[in-house]
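Have a look at the structure below before the remarks.
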Amino acid sequence: MKHIAICFVSAAAGTVFGAWLINAGSSLPSAAGQPPSQQTDLDNDVAAQLPAKKPRAYLADGLTPDEAASAYVYELNNRSVANIATRIGGERTLFRLENPTEDAGSGFVLDMNGHILTNYHVIEDAQRILVTLYNGESYDAEPVGVDPINDIAIIRLDVPKELLFPVTLGDSSLLKVGMKVLAIGNPFGLERTMTTGIISSLNRTLPVTRARSIKSVIQIDAAINPGNSGGPLLDSHGRLIGMNTAIASHTGQSAGIGFAIPSNLLARVIPELIEHGRVIRPDIGITEVWQTEEGLRILRMDPEGPAMKAGLRGPATQRLKRGFVVFESIDRSAADLIVGVNGKETRKVDEFLSEVESHRPGDTVVLQIIRDGKPIQVEIRLTE
């Protein structure tokens, strides 16, 4: 069985469109008060005296409605897209930095304060971040906040406001499979390139590390290549519905399977990154678990954390003294087995973390656990 790699790829429309359709389908003059049959004859007589109407598909300077909508989305958003180049240092010697490397990706303008959204992996370990805007000018940027778990980062430029064109945020909860999508980015350094496709699937899970993944990811078939990371994914109205972040590919290049972080997840994270520089997640005080088929066995807890204070149990330590020698063994089976949170089954680490982190510090969660073979519930108040 061959494995497909998940590659993180660094390197007012409705009003206008509606007007075209209204013009195309304008009704002919009518004779009010006439019977239906006479009305039809009158319409036919009037129509015969008028020049033939152009087909509905060719009304916007020779463009089809679909082409016109795509062109409008690009004109509306291409100035929002930025090319992000980073310089990542190599090994530092006595006199200089050996073998520095460069990487590139995309980003887009969030607001008039110069905040740019991109992927965390685009700027990770960067010693310098250089952002090129639509005018071709490059500016140094500084990191504002990062969320490695969701592969999200915000950087900031100090530039005149007339150079900033923020995107319009859409609602990713309204997306449907089959909807048209448009991606803009800088694949292979080709600035502000647009590709189109459809939503192939919703609610995919994208692994970030062995134990963590991004939930509710959008799968698309629009071409995404190295350099597209961090670019906007837009709907037919020009609204942001996601941020392009990865592809599934044998070669590292587009195979028609791309992934985007949904806009509703971005909307939850952005304010915290701007205000705090990080996402404030709740802490349950469980620092290590052992994933089994039955559930999550607690291996270690913070001695001062919420889980320990709530009375959860970890492994039992058994000591056996023989003469002057003390033998110590750990009995994992004595530890509590987590099988659910707030009534939701959580048999995997990622499921457990996602459910806990969907709450805020100060919230109370109820853990369903198995202790000594019996199911019990334990209330835990989460801390920061």
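Extension gain for VAL177 to VAL326 (0.36 nm times residue separation, less C-alpha to C-alpha distance): 47.3 nm. When the square roots of the Cα gyration tensor eigenvalues are ordered a ≥ b ≥ c, the ratio a/c for the range 266-324 is 1.5 or more and a/b exceeds b/c, which makes its shape prolate.
Put a dot 7 Å past the Cα of GLU75, heading toward its Cβ, do the same for MET308, and the two dots end up 6.4 nm apart.
When each of the peptides 223-231, 334-342 is scored by the mean number of other C-beta atoms lying within 10 Å of its residues, the order from highest to lowest reads 223-231, 334-342. P(r) for the range 239-384, please, calculated from all Cα pair distances in 10 Å bins and given in %. Result, from short to long distances: 10, 30, 24, 21, 11, 3, 1, 0 percent.
With both labels modelled 7 Å from their Cα along Cα-to-Cβ, the ARG268 to THR168 distance reads 2.5 nm. With neighbour counts taken as other beta-carbon atoms within 10 Å, the residues ASP61, ASP147 rank, fewest first, as ASP61, ASP147.
What share of Cα pairs, in percent, lie more than 22 angstrom apart in the range 126-216? Tail of the P(r) past 22 Å holds 49 percent of the pairs.
Estimated from the Cβ-Cβ distance and a Förster radius of 56 angstrom, the FRET efficiency linking ILE198 and ARG319 is about 0.35.
Toward the positive end of the charge dipole of the range 286-381, with +1 on the Cβ of Lys and Arg and -1 on the Cβ of Asp and Glu, the farthest Cα among SER329, HIS359, VAL341 is that of SER329. The phi-based Karplus calculation (6.51 cos²θ - 1.76 cosθ + 1.60; θ = phi - 60°) puts the 3J(HN,Hα) values of the range 260-265 at 9, 6, x, 5, 5, 5 Hz, whole numbers, x for Gly and Pro. Each label was represented as a point 7 Å from its Cα along the Cα-to-Cβ direction; for GLU275 and SER138 these points are 3.6 nm apart.
Here the Karplus curve 6.51 cos²θ - 1.76 cosθ + 1.60, taken at θ = phi - 60°, turns the phi angles of the range 70-87 into couplings of 5, 5, 5, 4, 5, 4, 6, 10, 5, 6, 7, 8, 10, 9, 10, 10, 10, 10 Hz, with x standing for Gly and Pro. Between their Cα atoms, which of LYS321/LYS374; LYS215/LYS348; LYS309/LYS348; LYS344/LYS374 are more than 22 Å away from each other? The answer is LYS321/LYS374; LYS309/LYS348. The value of relative contact order for the range 260-384, using C-alpha pairs under 8 Å at least six residues apart, is 24 percent.
Laboratory data are not the source of any read-out in this text; all were calculated from the coordinates shown. Computed from a prediction, not measured in an experiment: that's the story for all the values here. Every residue, glycine among them, receives a Cβ derived from its backbone with ideal geometry; neighbour counts consider all protein chains shown.
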